[in-house]
Amino acid sequence: MSTDILHEQKNRSLLQIAIFASGAGSNAKKIIEYFRGSKEASINLIVCNRQGAGVIQIAADSQIPVLIIEKERFFNGDSYLQELQHSSINFIVLAGFLWKIPETLIQNFRNKIINIHPALLPKYGGKGMYGSKVHDAIIAAGETESGITIHYVDEHYDNGDIIFQAKCNIEPNDTAETLAEKIHQLEHENFARVIEECVSKI
């Protein structure tokens, strides 16, 4: 049997993950590196809603296909379900993806879409709460701790069942920027591992 055929059979036996991302892609990069050579899962597609986003170059460097999506088809069309099925995707990871996931995808990937949120849900979640807006609100409220929440995605913003949380302390001299650095560290330390734990149960 040829090496190419063996490689194709191996890929078919792995769970195929699509990463949805909108920005620089630092989490996506960590996830790609973590799953390189994994026997559990393979990162098979990067889905992005912004031309020129940094995650596109990260995908190119790792020779992972990129699907650029546009809003009308995503929300009012088939939500690119055909492309995801064509790529044999059976698990979706949201890593800094700023659009709400449409019901078409939620129904077809029930309990197979997870998101990471830069706060300890249910606090500081919901529509419009992402990135620096979350950190600004937490600092303004005088909170003494924050963290990350990894959760399943359902029909509502930041509402699905919580899978994992990790905390960090907020010092009196912390700013939204220094808090963001702490949160990024928690994300990079934990997200890929938690993804692996989730896919191992499928």
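The values are calculated or read from the model by the stated rules, or taken from the named source; none is laboratory data. From a predicted model like this one, the values you see are computed outputs, not experimental measurements. Methodologically, a virtual Cβ is constructed for each residue, glycine included, from the backbone with ideal geometry; neighbour enumeration extends over all protein chains shown. Accessible surface areas use protein heavy atoms only, side chains included; no ligands, DNA or RNA. Shrake-Rupley method; radii C 1.70, N 1.55, O 1.52, S 1.80 Å.
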Checking residue 196 against (1) within 22 Å of residue 126 (Cα to Cα); (2) of a type in the set (Asp, Glu); (3) under 18 Å from the mean Cα position of the chain (by Cα), the condition it does not meet: (1)
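Would you check if residue 132 is over 29 Å from residue 75 (Cβ atoms), open to solvent by 50 Å² or more (accessible area, probe 1.4 Å) and at pLDDT below 95? Walk me through it before giving the result.
Numbers: over 29 Å from residue 75 (Cβ atoms): no; open to solvent by 50 Å² or more (accessible area, probe 1.4 Å): yes; at pLDDT below 95: yes.
No: the conditions fail for residue 132.
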Options 97, 75, 91: the member that is closer than 19 Å to residue 50 by Cβ and under 12 Å from the mean Cα position of the chain (by Cα): 97
Those residues of segment 161-195 which are surrounded by fewer than 20 Cβ atoms within 10 Å (Cβ to Cβ) and under 13 Å from residue 113 (Cα atoms), in sequence order: 161, 162, 163, 194
When restricted to 148, 138, 195, 101, the only residue farther than 30 Å from residue 16 by Cβ and in contact (Cβ under 8 Å) with a residue 40 or more places away in the chain is 138
Here is a list: 150, 202. Which entry is crowded, with 18+ Cβ neighbours inside 10 Å and among the β-branched types (Val, Ile, Thr)? 150
Any residue in segment 162-184 that is in contact (Cβ under 8 Å) with a residue 40 or more places away in the chain and of a type in the set (Lys, Arg) sitting within a Cβ distance under 9 Å of a residue that is surrounded by 12 or more Cβ atoms within 10 Å (Cβ to Cβ) and part of a helix (DSSP H, G or I)? List the pairs, counting only those 6 or more apart or interchain. 167/186
Residue count, segment 163-172, condition more than 16 Å from residue 95 (Cα to Cα), assigned to a strand (DSSP E or B) and either modelled with pLDDT under 95 or of a type outside the set (Lys, Arg) (or both), comes to 3
Residue count, segment 39-58, condition touching a strand residue (DSSP E or B) at 6+ places or on another chain (Cβ under 9 Å) and under 16 Å from residue 192 (Cβ atoms), comes to 8
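Need at least 3 residues that are hydrophobic (A, V, I, L, M, F, W, C), crowded, with 20+ Cβ neighbours inside 10 Å and at pLDDT 95 or above per element, so show me which helices (runs of 4 or more DSSP H) inside segment 10-123 make the cut, counting only ones lying wholly within it.
Once the helices (runs of 4 or more DSSP H) in segment 10-123 are filtered for at least 3 residues that are hydrophobic (A, V, I, L, M, F, W, C), crowded, with 20+ Cβ neighbours inside 10 Å and at pLDDT 95 or above, what remains is 26-35, 54-61.
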